[in-house]
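Encoded as structure tokens, the structure appears first; notes follow it.
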Amino acid sequence: MYCPAHFAESRPEVLYALMREYPLATLVTMGDDGLNADHIPLQLETAGDSRLVLRGHVARANPVWKSIDNSTPALAIFRGPDAYITPSWYPTKREHGKAVPTWNYAVVHARGPLNFIEDADWLRTQVEALTRQQEGAFAEPWSVSDAPADYIEKMLAAIVGVEMTVTSLEGKWKVSQNQPEENR
């Protein structure tokens with residue numbers, strides 16, 4: 001991604017926070033039929049040896065898991081908040097008219113080899129962890145154990161795990177840093 005230095009964000013805690021708050025990632029892969037983009041929640045985990053791992057799942061019916069080999073490079077894009085910025089908000093527009101619209105946004109790109117996992121125990125652990133993460137804010141959080149066991153087994157059989165070991169992480173916070181102070 002094009003990222004001028006004044007928009008670059010490299011602090012791990014800031015990047016991780018966006019990835020956790022906005023976990024629905026665009027997973028970009030290159031398969032036999034060209035580029036593919038899937039939108040799936042990915043859970044960020046930090047391994048004990050300081051590795052970053054993204055985990056999620058896709059529907060077994062999704063051809064992505066059969067169209068690429070394990071360890072194929074992939075890109076996961078996490079989009080944070082964004083907004084159109086009208087030049088009408090800028091004091092400099094009133095002063096001299098030299099203002100144009102823009103779009104402000106925060107985004108994280110994670111790259112790494114992608115692996116697909118069919119192990120039932122791995123899938124259950126991943127689904128339970130993702131559920132805990134997403135349900136935690138609710139007064140009465142739903143748990144995987146709330147559903148009948150045979151139904152959960154059927155649902156788990158219909159998905160395939162996705163795991164990316166992150167090899168590079170790039171953040172871009174385009175929030176009008178290139179504007180005069182009075183416009184920010």
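The values are calculated or read from the model by the stated rules, or taken from the named source; none is laboratory data. Treat the numbers as computed from the prediction; the structure is a model and nothing was measured. Positions of Cβ are generated from backbone atoms using ideal geometry, with glycine treated the same way; all protein chains shown enter the neighbour counts.
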Problem set entry | Close pairs from the stretch 1-15: first over 15 Å from Asn104 (Cα atoms) and surrounded by 10 or more Cβ atoms within 10 Å (Cβ to Cβ), partner modelled with pLDDT of 95 or more and aliphatic (A, V, I, L, M), Cβ under 6 Å, at least 6 apart | Leu15/Val108; Leu15/Leu169
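Report whether or not Val144 is within 22 Å of Ser168 (Cα to Cα) and modelled with pLDDT of 90 or more.
Values: within 22 Å of Ser168 (Cα to Cα): no; modelled with pLDDT of 90 or more: yes.
Considered against the rule, which asks whether it is within 22 Å of Ser168 (Cα to Cα) and modelled with pLDDT of 90 or more, Val144 comes out as no.
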Problem set entry | Residue that is farthest from the chain's Cα centre (by Cα), among those in the stretch 33-51 that are over 21 Å from Thr131 (Cβ atoms) and part of a strand (DSSP E or B) | Gly34
For this session: Being in contact with a helix residue (DSSP H, G or I) (Cβ under 8 Å, 6 or more places away or on another chain) and under 18 Å from Met19 (Cα atoms) is the filter; apply it to the stretch 55-96 and report the residue that is surrounded by the fewest Cβ atoms within 10 Å (Cβ to Cβ).
Result: Gly80
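From the set of residues in the stretch 139-178 that are more than 17 Å from the chain's Cα centre (by Cα) and among the β-branched types (Val, Ile, Thr), which is surrounded by the most Cβ atoms within 10 Å (Cβ to Cβ)?
Of the residues in the stretch 139-178, the ones more than 17 Å from the chain's Cα centre (by Cα) are 139-160, 174-178.
Remaining after also requiring among the β-branched types (Val, Ile, Thr): 144, 152, 159-160, 175.
Numbers: Val144: 17, Ile152: 16, Ile159: 20, Val160: 17, Val175: 16.
The extreme case among them is Ile159.
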